[in-house]
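One structure is given below, encoded as structure tokens.
The values are calculated or read from the model by the stated rules, or taken from the named source; none is laboratory data. The model shown is predicted, which means the values in this text are computed figures rather than measured ones. Note: ideal-geometry Cβ built from the backbone for every residue, glycine included; neighbour counts use all protein chains shown.
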Amino acid sequence: MLKALFLDLDETLCDTLGANERAKQLMAQDLETQYGSMLDGQAFADAYVAGIYRQWSVDQHTRYMPIIEQQSEEDFRLQLIKDLLTERGANNISDVAAQALQDKFDSDRLESFDFYPGIVEFLAEARKLFTLVVITNGPEFSQTPKVERVHLADHVDHIIIGGQEPEEKPAISIFDKALKLANCQAHEVIHVGDSLASDIAGALNSGITAVWVQHQQPLDAELGINPHHTVLHPSEIPALISQLHQV
């Protein structure tokens, strides 16, 4: 019997990609207004978002990981902005200027951050039947404002932010915590998420039925991660959960 749903946040319940794209567009415009033709604002914004998602070169990993571990996520993002500007010929960037760029990006992204259409209604109906637990990876610095922006606590029973835990998805420990919160066994749960490496691998390793939100991602056979079920878009989640609940 199905007793609980575990749900990813970004690109599963909420349109994070859309919010990122809007914030990048505005960042690019702001930078080109400030620096003119000397700086490609879109390339900078793309590089900034790649950086905050840890899409690093080896040298960047060596540079930024100690800042995150010894200082903070915010310090890393400020340094990333200054480095990216320096690489593009904008030298001697003050902390104040870098902070203003970061704050503007965060504000613009949050303003655009919201649930996919139909998800609020789905959560309301699902909560009548199941315990709902959101498990989201990412630092507290970025995930807590997102959670608060959509008033997530009003729609689900428990929220686990990976950056507040000893380990993030796909670690079994974070799924074990969710199972304890939901007071159920692995075979009584479905986990829904968009990341093969984090959501699907973590669910499979924990003995939990895994639903992959594919979007436009290819299924990489070399990874050897095969979800039990696949939906192309979050709009298809309600129908699949209804179907599985009736089995």
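Numbers for the structure displayed
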quantity	calculated
Subset of the range 145-161 [surrounded by fewer than 17 Cβ atoms within 10 Å (Cβ to Cβ) and in contact with a strand residue (DSSP E or B) (Cβ under 8 Å, 6 or more places away or on another chain)]	Ala153, Asp157
Residue selected from the range 15-43 under the condition under 21 Å from the mean Cα position of the chain (by Cα) and buried (at least 18 other Cβ atoms within 10 Å of the Cβ), by the criterion farthest from Ile81 (Cα to Cα)	Asp15
Test set (1) at negative phi; (2) assigned by TED's automatic domain parsing to the domain that holds Val49 - Leu129 fails condition number	(2)
Residues within the range 111-141 that are part of a helix (DSSP H, G or I) and crowded, with 19+ Cβ neighbours inside 10 Å, tallied	4
Candidates Gln185, Gln214, filtered to the one that is more than 17 Å from Ala126 (Cα to Cα) and either buried (at least 18 other Cβ atoms within 10 Å of the Cβ) or under 18 Å from the mean Cα position of the chain (by Cα) (or both)	Gln214
Within the range 92-110, considering residues that are assigned to a helix (DSSP H, G or I) and free of Cβ contacts under 8 Å to residues at least 12 places away in the same chain, the one nearest to Asp154 (Cα to Cα)	Ser107
Of residues in the range 51-91 being assigned to a loop (DSSP other than H, G, I, E, B) and touching a residue at least 12 places away in the same chain (Cβ under 8 Å), the one surrounded by the fewest Cβ atoms within 10 Å (Cβ to Cβ)	Gly89
Cβ-Cβ under 7 Å pairs, at least 6 apart or on other chains, the range 156-185 side in a loop (DSSP other than H, G, I, E, B), far side at pLDDT 95 or above and acidic (Asp, Glu)	Lys169/Asp199
